[in-house]
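Asks: Mind looking over this structure? Questions follow.
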Amino acid sequence: MLADLMAGAKEDALGRLAGRPAAVVEAAAVDAPPAIDALAALAPADQVKIIAEVKRSSPSRGALADIPDPALLASLYEQGGASAVSVLTEGRKFGGSLQDLEAVRAAIRIPVLRKDFISLPYQVFEARASGADLVLLIVAGLDQATLSSLHELVVQLGMTPLVETHSADELARASDIGARLIGVNARNLSTFELDQHLFGSLTDRFPADAVKVAESAVLRAADVAAYRRDGADVVLVGEALVTGDPVATLEQFLGATA
């Protein structure tokens, strides 16, 4: 499934490239206001930090929420105490777009993550041109040379790469490229199975200076608390926020580790 998602996102990006040349997007990226320092915003603190996600649907769960105004939802996330907002920009399975990212960026002051299946430099330039402060890079979907070059490009453009892993080997690959913000996704993107204990089993594999992000398998405050006990600095939450009251849910999740 991950291979299909990567291939579809690449095909869509090449379609956009045909209508908006790389030189135009690169110029827009360079001219964009400077990215917010996401590493500073997500740095370890006494309380866990949350990346709240704008997510309409997923391949595993189907439709989750009708989000007619992603900017409004992002504003509620900021009000509720989120440290950053993740915006799914993949359109085929997740119902997102770069327009969602641009709307969110214009509405909030905290960092914004472009969450997509990135494999091309063009997609990184698109992210910066649209106002992203962070870009997701999925280790399982990239060979090491591509992962390293995309990571370097994200940093060169002033953004922060969130490098997503799912095993000890992938964590080692993230460490090898100097990743500072590393996530462990409890969801296997090939099978879509969940392992809530995966993050805890890999905590001691993180580089000493890396910010540790736990992703997926969060439905209640107890899940956030469990990730925090396992050493998470940041927890990325999507489904639980788009299917309930975002402000109240965020406050409950943050309070679980206060």
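The values are calculated or read from the model by the stated rules, or taken from the named source; none is laboratory data. Only a predicted model underlies this, so the values are computations on that prediction, with no experimental measurement involved. Don't worry about glycine lacking a Cβ; one is built from the backbone with ideal geometry, like all the others, and counts go over all protein chains shown.
Asks: Suppose we keep only residues that are within 18 Å of Arg173 (Cα to Cα) and acidic (Asp, Glu) within the range 186-214. Which one would you say is nearest to the chain's Cα centre (by Cα)?
Replies: Asp209
Asks: To continue, here is another question. What residue, of Pro59, Pro34, Pro68, is surrounded by fewer than 18 Cβ atoms within 10 Å (Cβ to Cβ) and either over 26 Å from Glu239 (Cβ atoms) or polar (S, T, N, Q) (or both)?
Replies: The conditions single out Pro34.
Asks: If you scan the range 71-85, which residues turn out to be aliphatic (A, V, I, L, M), closer than 10 Å to Val104 by Cβ and part of a helix (DSSP H, G or I)?
Replies: Within the range 71-85, Ala71, Leu72, Leu73, Ala74 qualify.
Asks: Looking for something of a type in the set (A, V, I, L, M, F, W, C), surrounded by fewer than 24 Cβ atoms within 10 Å (Cβ to Cβ) and closer than 15 Å to Lys10 by Cβ - is there at least one such residue anywhere in the range 125-133?
Replies: yes
Asks: Only one of Leu136, Leu113 is in a strand (DSSP E or B), in contact with a helix residue (DSSP H, G or I) (Cβ under 8 Å, 6 or more places away or on another chain) and either buried (at least 23 other Cβ atoms within 10 Å of the Cβ) or modelled with pLDDT of 95 or more (or both). Can you tell me which?
Replies: Just a single option satisfies the conditions, and that option is Leu113.
Asks: If you don't mind, there's one more thing I want to ask. Out of all the residues in the range 162-180, which are surrounded by 21 or more Cβ atoms within 10 Å (Cβ to Cβ) and more than 13 Å from Leu147 (Cα to Cα)?
Replies: His166, the sole residue that qualifies.
Asks: Any residue in the range 21-41 that's touching a residue at least 24 places away in the same chain (Cβ under 8 Å): show its pairings with residues that are surrounded by fewer than 12 Cβ atoms within 10 Å (Cβ to Cβ) and not aromatic (Phe, Trp, Tyr) at Cβ separation under 9 Å, as long as the two are six or more apart or on different chains.
Replies: Ile36/Arg109
Asks: Follow-up question, since we're still on this one. Return the only residue of Glu26, Glu102 being over 30 Å from Asp223 (Cα atoms) and surrounded by 19 or more Cβ atoms within 10 Å (Cβ to Cβ).
Replies: Glu102
Asks: OK, next. Given the structure, is Gly158 on the phi < 0 side of the Ramachandran plot and modelled with pLDDT of 95 or more?
Replies: No.
Asks: Give me the pairs: first residue in the range 237-258 and farther than 12 Å from Tyr77 by Cβ and hydroxyl-bearing (Ser, Thr, Tyr), second residue buried (at least 16 other Cβ atoms within 10 Å of the Cβ) and modelled with pLDDT of 90 or more, beta-carbon distance under 7 Å, and six or more apart or on different chains, which are they?
Replies: Thr257/Val48; Thr257/Val224; Thr257/Ala225; Thr257/Arg228
Asks: Starting from the range 54-80, keep only residues that are at pLDDT 95 or above, then list their pairs with residues that are part of a helix (DSSP H, G or I) and surrounded by fewer than 14 Cβ atoms within 10 Å (Cβ to Cβ) whose Cβ atoms are within a distance under 7 Å, requiring at least 6 positions of separation or different chains.
Replies: So the pair list comes out as Ala71/Ala106.
Asks: Gly200 - would you say it is in a loop (DSSP other than H, G, I, E, B), surrounded by fewer than 20 Cβ atoms within 10 Å (Cβ to Cβ) and without any contact (Cβ under 8 Å) to a residue 40 or more places away in the chain?
Replies: Considered against the rule, which asks whether it is in a loop (DSSP other than H, G, I, E, B), surrounded by fewer than 20 Cβ atoms within 10 Å (Cβ to Cβ) and without any contact (Cβ under 8 Å) to a residue 40 or more places away in the chain, Gly200 comes out as no.
Asks: Do you know which residues across the range 204-258 are in contact with a helix residue (DSSP H, G or I) (Cβ under 9 Å, 6 or more places away or on another chain), in a helix (DSSP H, G or I) and among the small types (Gly, Ala, Ser)?
Replies: Selection gives Ala221, Ala225, Ala226, Ala240, Ala248, Gly255.
Asks: Of (1) buried (at least 16 other Cβ atoms within 10 Å of the Cβ); (2) outside any helix (DSSP H, G or I); (3) of a type in the set (Phe, Trp, Tyr), Phe192 satisfies all except one. Which?
Replies: Status for Phe192: all satisfied but (1).
Asks: For the range 47-70, enumerate the residues that are in a loop (DSSP other than H, G, I, E, B) and hydrophobic (A, V, I, L, M, F, W, C).
Replies: Within the range 47-70, Val48, Leu64, Ala65, Ile67 qualify.
Asks: Sticking with this structure for a sec: Of all residues in the range 96-110, which are part of a loop (DSSP other than H, G, I, E, B) and closer than 21 Å to Leu42 by Cα?
Replies: Listed by number, the residues that qualify are Ile108, Arg109, Ile110.
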